[in-house]
Amino acid sequence: MTMPATQCLIRLHQEHHSLEDYQGGVPRWCSGCGDNAILAAIQRVCRDEDLRPEKTMFVSGIGCSSRLPHYMKTYGFHGIHGRAFPVAEGIKMARPDLHVFVNTGDGDCCSIGAAHWIHAIRYNMNMTVMLHDNHVYGLTKKQASPTSPLGLKSNTTPRGSQLAALNPLSVTLGVQNVSFVAQAVDWVPEVMYDIMSAAFRHRGFSFVRIIQRCPEFLPKMFEPWLHDPQKTLLLSHKDGLQISAGLSKTYRNQQEHDPSNIDRAREIASLEDPLPVGILYRNPQVPCYEDLRHPAQMRTPEFIRAGFEAELDKVTVWPDQDAQTQRAA
Amino acid sequence: MNDTLTADSGVGRKTSPTRETKKAVALAEHIVEVISDSGEGAQRCGQSLAAIAARMGNGIWTTEIIPAEIQPPARSVAGASGIRIRMGSRRVTNGGDETDVVVAFNEQVLLGRVQAGELKQGCTILLESMWREHRDPKIVASYAKVVDALANDGYRVCEVPLERECLTLVSDPRRGKNMFVLGMLCNIYSLDLKLGHEQIGRIFGKKDEKVIKSNQQLLDAGWQWAERNLDFKYRIPATRSAEPQIVVNGNTAIALGVLASGMEICAMYPITPATSASHFLSDVFERVGGIVHQAEDEIAACAFAIGASYAGKCAVTISSGPGISLKQEAIGLAVMAEIPLVVVNVQRGGPSTGQPTKVEQGDLLQACFGSHGDAPKVVIAPSSIEDCFYSIITARKIAETFNMVVVVLSDASLATAQQPFPRPRFSEDWLAPPVDQSPVPEGAKPYDWDPVTGLIRRFVPGQPGGMHTLTGLAHDRLSHVAYDPANNEEGLRHRSLKLAALQKTLKTPPVFGDPEGDMLVVGWGSTKGAIEEAVERLRAEGRKVSSLHLQFIQPMPSGIREIMQRFRQVIVVEANWSDSLEDQIIDESNRRYSALAMILRARTLVDIDCWSEARGQPIKPGAICAVVRERMKHGGTQQ
């Protein structure tokens, strides 16, 4: 496979980037919003991976989550509600040389964009996805989302929501071609950073669900988890996360989990209490759609011309000899 | 209706099988139809006939007759599947009026065509006669009844033992009759049988020699049968063009246009009647390094194309009415964020699922005004098969130059119609430039609108120094979200100015006929051939009628009003709905005009009349003639 010309840039000098190289405008999220933690973690990942800001692309849909690209100093695409995935796929297909990140929310991904989510998993294009899951619509002011717990009182469910919550981990793990699934929580930033870093390094569709607090509309939602570390189950493995000694002092509820084991990953995904945090599944063998589709040939004008003329030849009626002689005369 | 062009309609003579050498009657043109149950190969037969005639140098126009279902019940009036081929000495620009010769595989599908009024009074019917000996007496009775009734009505019915004759050559005549019929038609129209053999080689090229051989035998047998048993023969004198021609339908032309435009990505979702363009592209696009992405839905297809375009490779999404409705929100994003995008709408009958396989020009207003808020986009409408090809190249260029959405409005009629046109000479100028990866000059802004033209220089990911976050929200020149009133207006004004900037580059379209007169017929899209043929006929009658055909509908070139003012009456003819003043409660205060008439009335303040038809059939030149004669009778001056 040949690389597009845009991938062939030679680095004449080693570049080093600092956090400021990725920091865009001042975030306008509420103070205490989990989105701030996600932003801080991904900016660290960009710096530590030394990504060139002009080659880095944050794509989002609509919602609080989807404001994130505005706070990066990379290229950003803040599109329309639910359609971050197909936009990101088009970008990646056209430009495999770009590092593509997607920021989406529980409404954006699991409700209005659910069809795209399922198929994005199937395509398994190389991108890192952050599902900012705060269990509620924030930007439109407190409506129930697909991940809202049963009985949640909101502006659209004033007497409590009637449906059980959708589990984004189980859904993702149920789709063919799934290649990376992890769960992070905004209140353990160290683990969130490690997970995002692993997600970025995985070649394929890396899906990270981040449980994130909404101080404005669901201020008490995650209180029990914040107060009781035992309610968080850290997943560790030599091929997964390694938990630091410092963290292990607080979060003692840990379990070895081999991320190549999809059956166990599905069992863990359906746990509600304790809440699993870590890498549930990773399979680097799943092919990426852009690799399957990308033409082996460089698109030179000569190459296009040859292919085009060959197609025309099949449908051409050539003038007979007489007519040609006549014309010559 | 073809009388002015037809030397001999062949009506009225009795069939008497003869072995005498027949003299071929020279014709200016003829319309022939082959109809069968779905799956009996009538379309392949007719397409082959058209291809052979085109190779002989005849003008052709094919119109597919497609039932809505894949496998409608056999022998049903509604299940007629087939094709109509208009062949002429000269270039043919439309499907014409009624059929002169029809080959029918059973009497029920034939009845469907008679009832639809598609056959010329007294035309020649070649009818499969196997039904006369069918074991079901009901079928025998039905067949006899129809044959008698048609003969009584003056049609020339020739019964042909297709099944019996084919059985002597193949075990399953259902799969071979069509080539036998092709042989018969080659004989009837004095076409070169050698070209027929070549055509079969082309169709079955991927199969083994045996299949080709067997079909060529069927072709020969059909030719022989007609030679021995029919007492009529025609010849449509042809002049082969001195230039190489290509013979394709509108959808293939669109796909070839995508190839030649330098676009690299087509994102689509299957929908009739647009899909065949993507089928062809799926087959050939990869050979020039392109990709057809079948997305999970229409919205995703559009968003995928937008993503690719944004990233520097202008993409196309191909769909039809219902799919376009779904894409409208994403189209609005492309307008707001000024991302180039080519949207092809192969229109079909609407609203809702409507008539998926039938022609209608019902999407003009959604093309111009679709999506929410003020979303200016370019709308162009090809009016011939050749136009389908070039309009895609033009669309890509405009999209990238102006950073706009360009909608190309084809329709089901162009999609399946075949018409030869000069083989395009490839030009590197057609191709898209390489993705710009140069550093952005210091201080340059992503939306630095030109105060006169509204144009911007877009920054593409990978360009150092150009980093910004594109947004569908109202934004300022730095692409920062900005809600203040002045900013919002600034964005609206500059996005709108781009249409005016493009309009300044457009030429006034030429008038067909005299530049002044009594009646100007205005149209757009696939109706061009029929309208201009009608104008020719009306002028031959001594009427002062001309026509004007619009390729650019948004923006509209200047000078249209001035052209209209040189005619006493102006009428728009198009294939969509408009109210009829003959309906009891319709009057000028509530009459709904056809789409283009509405736009033109608003733009020119000329009191434009309209006549439209949304029957799902291509508009016939004869119908236009009748309307124009009638409206001219009522006369009246405008304004």
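The values are calculated or read from the model by the stated rules, or taken from the named source; none is laboratory data. These numbers were taken from a predicted model, which means no experiment stands behind them. Glycine also receives a Cβ, built like all others from the backbone with ideal geometry; neighbour counts cover every protein chain displayed. Heavy atoms of the whole protein, side chains included, go into the accessibility calculation; ligands, DNA and RNA do not. Shrake-Rupley method; radii C 1.70, N 1.55, O 1.52, S 1.80 Å.
Provide the buried accessible surface between chains A and B in square angstrom, both chains summed, 1.4 Å probe, rounded to the nearest 100.
Chains A and B together bury roughly 5500 Å² of accessible area.
Between B:Arg539 and B:Arg235, how many nm apart are label points set 7 Å from Cα along the C-beta direction?
3.1 nm
Per residue, what accessible area does the stretch B:178-300 have, given a 1.4 Å probe and all protein chains present, in Å²?
Dividing the accessible area of the stretch B:178-300 by its residue count gives 33 Å².
For the stretch B:434-505, state what percent of all Cα-Cα pairs lands in each successive 10 Å bin, counting from 0 Å until the bin that includes the largest distance.
Spelled out per bin, shortest first, that is 20, 45, 32, 4.
What are the aspartates and glutamates whose alpha-carbon lies under 16 Å from the alpha-carbon of B:Lys213, with same-chain residues fewer than 8 places away excluded?
Qualifying aspartates and glutamates at Cα under 16 Å: B:Asp172, B:Glu198.
Mind ranking B:616-622, A:168-174, B:101-107 by how tightly packed they are, going by the mean number of other C-beta atoms within 10 angstrom, highest first?
Per-residue Cβ counts within 10 Å, averaged per peptide and sorted highest first, yield B:101-107, B:616-622, A:168-174.
What number, in percent, do you get for the relative contact order of the stretch B:260-356 if the mean sequence gap of Cα pairs under 8 Å and at least 6 apart is divided by its residue count?
Relative contact order comes out at 32 percent.
What is the antiparallel percent of DSSP beta bridges lying wholly in chain B, to the nearest 5?
Percent antiparallel among DSSP bridges in chain B is about 35.
Hey, got the dipole for chain B? About the Cα centre, +1 on K and R Cβ, -1 on D and E Cβ, debye to the nearest 20?
Dipole magnitude for chain B comes out near 1460 debye.
How many angstrom lie between the Cα centre of the stretch B:393-439 and the Cα centre of the stretch A:108-167?
Spelled out, the Cα-based centre of one part sits 40 Å from the other.
Would you work out which of A:Ala40, A:Gln297, B:Met87 lies farthest towards the positive end of the dipole of the protein assembly as shown, given +1 charges on the beta-carbon of Lys and Arg and -1 on that of Asp and Glu, about the Cα centre?
B:Met87
Find which of B:Val248, B:Ser325, B:Thr453 sits farthest along the positive direction of the dipole of the protein assembly as shown, computed with +1 on the beta-carbon of Lys and Arg, -1 on that of Asp and Glu, about the Cα centre.
The listed residue farthest towards the positive side: B:Val248.
Residues of the stretch B:291-318 losing 40 Å² or more of accessible area relative to the isolated chain, 1.4 Å probe, heavy atoms only?
Buried on complex formation: B:Ile291, B:His293, B:Glu296, B:Ile299, B:Ala303, B:Phe304, B:Tyr310, B:Ala311, B:Lys313.
Take the solvent-accessible surface of the protein heavy atoms, probe 1.4 Å, and return the percent of it on chain A that carbon and sulfur atoms account for.
Its accessible area is 52 percent carbon and sulfur atoms.
Per DSSP H run of n ≥ 4, the term is -39500 (n - 2.57); total these for chain A, divide by its residue number, and report the mean residue ellipticity at 222 nm rounded to 500 deg cm²/dmol.
Taken over chain A, the calculation gives -9000 deg cm²/dmol.
Using a basic spin-label model with each label point 7 Å from the Cα along Cα→Cβ, how many nm lie between A:Ala245 and A:Ser18?
Each label point lies 7 Å from its Cα, and together they span 3.2 nm.
Put a dot 7 Å past each Cα toward the Cβ at A:Arg203 and B:Leu605; how far apart are the dots in nm?
Going by the 7 Å Cα→Cβ label model, 6.7 nm.
Using the heavy atoms of the protein chains and a 1.4 angstrom probe, tell me the accessible area per residue for chain A in square angstrom.
For chain A, the per-residue accessible area is 42 Å².
Considering the options B:Gln565, B:Ser578, B:Ala602, tell which one lies farthest towards the positive end of the dipole of the stretch B:511-634, charges being +1 on Lys and Arg and -1 on Asp and Glu at the Cβ, about the Cα centre.
Of the options given, the answer is B:Gln565.
Using only atoms on other chains, find how many Cβ atoms lie within 10 Å of each Cβ of peptide B:429-436 and report the average.
Neighbouring Cβ atoms belonging to other protein chains average 3 per residue here.
Size of the dipole of chain A about the Cα centre, Lys and Arg at +1 and Asp and Glu at -1 on the beta carbon, nothing else charged, in debye to 20?
Using Cβ point charges on Lys, Arg, Asp and Glu, chain A gives about 680 debye.
Pull up the DSSP beta bridges for the protein assembly as shown and report the antiparallel fraction as a percent, rounded to 5.
Here the share of antiparallel DSSP bridges comes out near 30 percent.
Give me a single rounded figure for B:460-466: the average over its residues of other chain Cβ atoms within 10 Å of their Cβ.
What the average comes to for B:460-466 is 6.
Using a simple charge model, +1 on the beta-carbon of Lys and Arg, -1 on the beta-carbon of Asp and Glu, nothing else, what dipole does the protein assembly as shown show about its Cα centre, in debye to the nearest 20?
About 720 debye.
B:Leu365 to B:Asp283: extension gain in nm, 0.36 nm per residue of separation minus the Cα-Cα distance?
26.2 nm
Work out, step by step, the length gained on full extension between B:Ala149 and B:Glu133: first 0.36 nm times the residue separation, then minus their alpha carbon distance; give nm to one decimal.
This chain segment gains 3.9 nm when fully extended.
Checking the table A:Lys73/A:Lys220; B:Lys358/B:Lys528; B:Lys120/B:Lys358; B:Lys313/B:Lys445; B:Lys177/B:Lys210 against a 27 Å threshold on Cα-Cα, which pairs fail?
A:Lys73/A:Lys220
Of all DSSP beta bridges in the stretch A:10-288, what percent run antiparallel (nearest 5)?
Bridges in the stretch A:10-288 are about 20 percent antiparallel.
At a threshold of 8 angstrom on Cα-Cα distance, excluding pairs fewer than six apart, so keeping six or more, what relative contact order does the stretch A:10-288 reach in percent?
Rounded, it is 16 percent for the stretch A:10-288.
Using alpha carbons only, what's the Rg to Rh ratio of chain B with Rh from Kirkwood?
Answer for chain B: 1.01.
What's the center-to-center distance, using Cα atoms, between the stretch B:169-240 and the stretch B:523-573 in Å?
Distance between centres, Cα-based: 41 Å.
Which whole number gives the average count of other chain Cβ atoms within 10 Å of the Cβ atoms across peptide A:294-304?
5
Per DSSP H run of at least 4 residues, take -39500 (n - 2.57); add these up for chain B, divide by its residues and hand me the 222 nm value, nearest 500 deg cm²/dmol.
Value at 222 nm, helices only, nearest 500: -11500 deg cm²/dmol.
Take peptides B:239-246, A:267-274, A:212-219 and line them up by average Cβ neighbours within 10 Å, highest first, as a rough protection proxy.
Packing order, densest peptide first, comes out as A:212-219, B:239-246, A:267-274.
Measuring with a 1.4 Å probe in the full set of protein chains, what accessible area per residue, in whole Å², belongs to the stretch B:434-505?
Here the residues of the stretch B:434-505 average 48 Å² of exposed surface.
May I ask you to give the percent of accessible area on chain B that is carbon plus sulfur, with a probe radius of 1.4 Å?
51 percent
Using Cα centres only, tell me the gap between the stretch A:295-319 and the stretch B:91-131 in whole Å.
About 39 Å separates the Cα centre of the stretch A:295-319 from the one of the stretch B:91-131.
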